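Encoded as structure tokens, the structure appears first; notes follow it.
The values are calculated or read from the model by the stated rules, or taken from the named source; none is laboratory data. What you are looking at is a predicted structure, and each value in this text was computed from that prediction instead of being measured. Cβ placement follows ideal geometry from the backbone for every residue including glycine, while neighbour counts extend to all protein chains displayed.
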Amino acid sequence: MRVFPRRRQPLYGPLLALALCAELWAGNASALTPAPPSISCALPSGPLPTRTRAVFLLDTSGSMRGFGDGKADIFKRVKQAILAYVESAKPDQLEVMTFDSGLHQHRSYQLPGDQPRLASDLKALTAEGSNTYLYSSLNAALSPLKGDGGFMTNVYVLTDGIDNEVGGKVTAQQAISSFKNRGPLDSLTYIALGTAIPQEAQQAILHSDYASGLTMPVGGVPDLVGDGIGTGRVIVTDANHVPAPYADGTPLNLSSHVSGLDLLDHTAHGGVASLRAPARLPYGTPALLCAPRAITPGAKLIGGRPRYTLLELNLGQEGTGMRWLNPGADRALNPGESVTLRYWAAPTLNLEGPLVGLHLPAGANGLDGSVERLPSSRFFTVRLRNTGSQVSQNITPRLMLGSGRSVELPAISVGTGTAPAGTPPNVLAPTEPDPSVQGRRGVAAWKIGLLALVLLGLALLGFGLLLRRARRPRKPVVPQLIGTAIPTVKGIEYGEDRLLSLVSDRGEVSSVQTPLGGPFDLGMLAKVPLLSGMRAEQNLDGMRLLNIPADIEVSQGTRLLHAGDLIRPGTLLGVAIAQRARAPHAPLGSLVGLGLPLTLRTEGVTLHVCGPYGVHALMIHPGITDLGDEFRAPALTGLKVSVSGPNILLADLPHGMTITRPGEDAPLRPGTYLPAESLLTLPEA
């Protein structure tokens, strides 16, 4: 732990004079801070989409290859633009519909699993049709399109012609507005390739609240991402690296429902923007980043809103890439009491370097702390103890990071009194020595030594008396979790090759080796605790779900799946997990993330509770310790241990629970020492 010297008292006189000067120059100073740009930007209220979907309505008439009245052969490059869009924007779902003298093919792709099939289908797609029944085809494509399912939808109409249906009953206004159940962030872009958008379609676009038009020069193909078309969704884990892929100086605006959350600079620089985030920003806070449209030279934009990007801010409670894992920890400390704050740090956060440590403010007498972390682990703990304070106060520690940045931690309420004997001494920041005080210390050194001996004797006598009395219940402290970050799964891909893959909330795909015969637990095989209990079995027809826990929802499209349903190869499933049900309120309490079965390992007086996904370490103190209380785990209530010399003694065992040595059936009895390793079996519910 690094100790920082106390700061000297500031010079209030000069600061006051500077403040008065600042008041006189307020008019000039205000010009130095640019006001947010006047870009229409308002984050919608209510549930927001969690997935993205792109719908392409592609003209396959012969003119797209330069035949007939076609002006250029652009069909192949348009298909390449769609693939480039998928690579860059990474939508979760893609719909491709083709039309000429009516709506023809309609193919759906769950990405990224179906991306090879998409590439193959587009390669085989040809433009051999005649006529361009644009409005009736657009109406037929968009009318059945649903805006629910948690999707943010972008519709793209790609055509090089105009509607030529004789006697057509669908108007441009009806075609543009046929997407009825759309969300507030959905968009439609009519892209005219080498031709003008008809006047009636322009009017329909200008009167729409979600549509825009883009005209390309002859032979030109749009950049479906770089031209600022449609909306997007991004997960942000670093407040200083918000994707803003626009030209330097592009004005930006931010909308959120959180006070104090804003952009540091309302212009884009280097393709990124930075956020000013308040302390304890809730994990997953949404915000809307807005920028004006930017199109390639030669193109022309008609109507349309600014470009919107929905941000999911996974910045942790402190808004710096840290996630506070036990926000319910009791931070009101009486003398002798301690608290452990557990954190997970995002990979973008630098935890290395000599500056990583804890800084306690000047005057924080009575509070001692340390930072504990295993090498290369993203988990760390901050341990704080009240060693005895003369005044009641709230102390706000700061975590010093390897980058030189400091992060404000939650305030600790420190109570007054004398800490019990055995409490580690407080480490105070050094102050400049006072000569008169040093002189008095030299004179009274022998008195202090004699007083220390007397106090030590009294402390030993008091400690002996305390051992004869009932042990005062200690405030349970959640032990440190050692392991890797628990991933959040948003989807399960069951490929054509019968390979099972998990899709995380960041779009990362990881394969899971599953048996071709016999049931398996997906959470156990994938080492994802939140999926434990989800069981399935593969057969000749596909994969059959055997059990879905009550706090997990598995869906295929808009249909919820249940135990017994058969999943065909080439299917992408959506997964929604009620994480609160698997958080410390569950019967296993703070052990819930370890999975089952549980193994007990002892190292001296330290007990390690080990599961397939992680380890909890707990130091056993003298007296009787109920592991159910220590781990806040009702399932372990009554399992009691004690310290006997350098060993851990099994003091009591509840009915139905057994502890056995590896390879042995005979259970351990109360009164015996715990071996170096033993298996804990919980009673059946």
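A few remarks follow.
- The residue list Leu83, Leu57 contains one member that is assigned to a strand (DSSP E or B) and within 21 Å of Gly220 (Cα to Cα), which is Leu57.
- Any hit, the stretch 175-184, residues being part of a helix (DSSP H, G or I), under 21 Å from Phe99 (Cα atoms) and over 36 Å from the mean Cα position of the chain (by Cα): yes
- From Arg471, Arg498, Arg506, residue being assigned to a loop (DSSP other than H, G, I, E, B) and modelled with pLDDT of 65 or more: Arg498
- Residue in the stretch 204-243 that is farthest from Pro282 (Cα to Cα), counting only those that are of a type in the set (S, T, N, Q) and out of contact with any Phe, Trp or Tyr (no Cβ under 8 Å at 6 or more places or on another chain): Thr215
- Scan of the stretch 151-186 for residues that are surrounded by fewer than 24 Cβ atoms within 10 Å (Cβ to Cβ) and hydroxyl-bearing (Ser, Thr, Tyr), ordered by number: Tyr156, Thr171, Ser177, Ser178
- Applying the criterion of at least 2 residues that are within 19 Å of Pro515 (Cα to Cα) to the strands (runs of 3 or more DSSP E) found wholly in the stretch 525-571 leaves 535-539, 542-547.
- Considering only residues in the stretch 489-503 that are aliphatic (A, V, I, L, M) and closer than 12 Å to Pro569 by Cα, the one that is farthest from the chain's Cα centre (by Cα) turns out to be Leu499.
- The numbered conditions (1) free of Cβ contacts under 8 Å to residues at least 60 places away in the same chain; (2) closer than 17 Å to Glu603 by Cβ; (3) not hydrophobic (A, V, I, L, M, F, W, C) are all true for Arg669 except (2).
- Which numbered condition Ile229 misses (of (1) of a type in the set (A, V, I, L, M, F, W, C); (2) at pLDDT below 90; (3) part of a strand (DSSP E or B)): (3)
- Complete set of residues in the stretch 595-651 that are in a loop (DSSP other than H, G, I, E, B), surrounded by fewer than 20 Cβ atoms within 10 Å (Cβ to Cβ) and free of Cβ contacts under 8 Å to residues at least 40 places away in the same chain: Thr637, Gly638, Gly645
- Selection of the stretch 334-392 for residues being among the β-branched types (Val, Ile, Thr), closer than 25 Å to Leu315 by Cα and modelled with pLDDT of 75 or more yields Val339, Thr340, Val371, Thr381, Val382.
- Residue in the stretch 141-150 that is loosely packed, with under 15 Cβ neighbours inside 10 Å and under 30 Å from the mean Cα position of the chain (by Cα) present: yes
- Scanning the stretch 228-251 finds one or more residues that are closer than 18 Å to Gly304 by Cβ, crowded, with 21+ Cβ neighbours inside 10 Å, within 19 Å of the chain's Cα centre (by Cα) and touching a residue at least 60 places away in the same chain (Cβ under 8 Å).
- Residue under evaluation Thr195, criteria (1) buried (at least 20 other Cβ atoms within 10 Å of the Cβ); (2) of a type in the set (Val, Ile, Thr); (3) farther than 28 Å from Gln110 by Cβ, criterion not met: (1)
- If only residues of the stretch 275-292 that are more than 17 Å from Glu312 (Cβ to Cβ) and surrounded by 15 or more Cβ atoms within 10 Å (Cβ to Cβ) are counted, the one that is farthest from the chain's Cα centre (by Cα) is Pro292.
- Qualifying residue in the stretch 215-227 (condition: surrounded by 22 or more Cβ atoms within 10 Å (Cβ to Cβ) and out of contact with any helix residue (DSSP H, G or I) (no Cβ under 7 Å at 6 or more places or on another chain)): yes
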